[in-house]
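Asks: To start, I am sharing the structure in question, which I have written as structure tokens.
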């Protein structure tokens, strides 16, 4: 069996994951509220959301962030690595229950000396409007 190439030979700045499509349902938002205990009215009360001129409840930012984290650096593809955290997260526009969103990751930086890869993860509406964006840092073993 041929050994897999090291991650440093498999990844390049500009590499992008396929676009994924997600339906963010009211039920998903409610389940996330239950899981996290975040029952702010904007997330769970449809009537309240309408008083703020939204057509329905808003998804939690961390729920949207979770949708954005894709598998472009899956271990089966590039070898063992872990999420090292986020350098930057921006929630530009709200994601409303019932919205269909697309997500995609793109490598924007490779820090070979630190064993890190930075993936810009974006969430967009079907019209292409940016809803959220984050720089997700992944850490690979440097053999130390």
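The values are calculated or read from the model by the stated rules, or taken from the named source; none is laboratory data. These numbers come from a predicted model, not from an experiment. Here Cβ is always computed from backbone atoms with ideal geometry, including for glycine, and neighbour counts include all displayed protein chains.
Asks: Residues to consider are 22, 43; find the one that is surrounded by 16 or more Cβ atoms within 10 Å (Cβ to Cβ), assigned to a strand (DSSP E or B), touching a helix residue (DSSP H, G or I) at 6+ places or on another chain (Cβ under 7 Å) and modelled with pLDDT of 95 or more.
Replies: Just one listed residue meets the conditions, 22.
Asks: If I filter segment 136-143 for residues that are under 11 Å from the mean Cα position of the chain (by Cα) and surrounded by 12 or more Cβ atoms within 10 Å (Cβ to Cβ), do I get at least one hit?
Replies: yes
Asks: Confirm whether residue 105 is over 20 Å from residue 12 (Cα atoms), in contact with a strand residue (DSSP E or B) (Cβ under 8 Å, 6 or more places away or on another chain) and at pLDDT 95 or above.
Replies: No; evaluated as a whole, the condition is false for this residue.
Asks: Could you run through segment 73-93 and say how many residues are within 21 Å of residue 23 (Cβ to Cβ), in a loop (DSSP other than H, G, I, E, B) and in contact with a helix residue (DSSP H, G or I) (Cβ under 9 Å, 6 or more places away or on another chain)?
Replies: 0
Asks: I need a count of the residues in segment 122-144 that are in contact with a strand residue (DSSP E or B) (Cβ under 7 Å, 6 or more places away or on another chain) and farther than 19 Å from residue 10 by Cα.
Replies: Of the residues in that region, 11 qualify.
Asks: Looking at segment 97-121 only, could you name the residues that are surrounded by 19 or more Cβ atoms within 10 Å (Cβ to Cβ) and part of a strand (DSSP E or B)?
Replies: 101, 103, 105, 107, 117, 118, 119, 121
Asks: Additional query: Determine whether segment 46-64 contains at least one residue that is under 19 Å from residue 131 (Cβ atoms), out of contact with any helix residue (DSSP H, G or I) (no Cβ under 8 Å at 6 or more places or on another chain), in contact (Cβ under 8 Å) with a residue 40 or more places away in the chain and surrounded by 18 or more Cβ atoms within 10 Å (Cβ to Cβ).
Replies: Yes: segment 46-64 contains one or more residues that are under 19 Å from residue 131 (Cβ atoms), out of contact with any helix residue (DSSP H, G or I) (no Cβ under 8 Å at 6 or more places or on another chain), in contact (Cβ under 8 Å) with a residue 40 or more places away in the chain and surrounded by 18 or more Cβ atoms within 10 Å (Cβ to Cβ).
Asks: Pull out all pairs, ordered by first then second residue, where Cβ-Cβ is under 6 Å, the residues are six or more apart or on different chains, the first lies in segment 14-28 and is within 15 Å of residue 67 (Cα to Cα), and the second is surrounded by fewer than 16 Cβ atoms within 10 Å (Cβ to Cβ) and modelled with pLDDT of 95 or more.
Replies: Close Cβ pairs (under 6 Å, with a partner that is surrounded by fewer than 16 Cβ atoms within 10 Å (Cβ to Cβ) and modelled with pLDDT of 95 or more) amount to 23/100.
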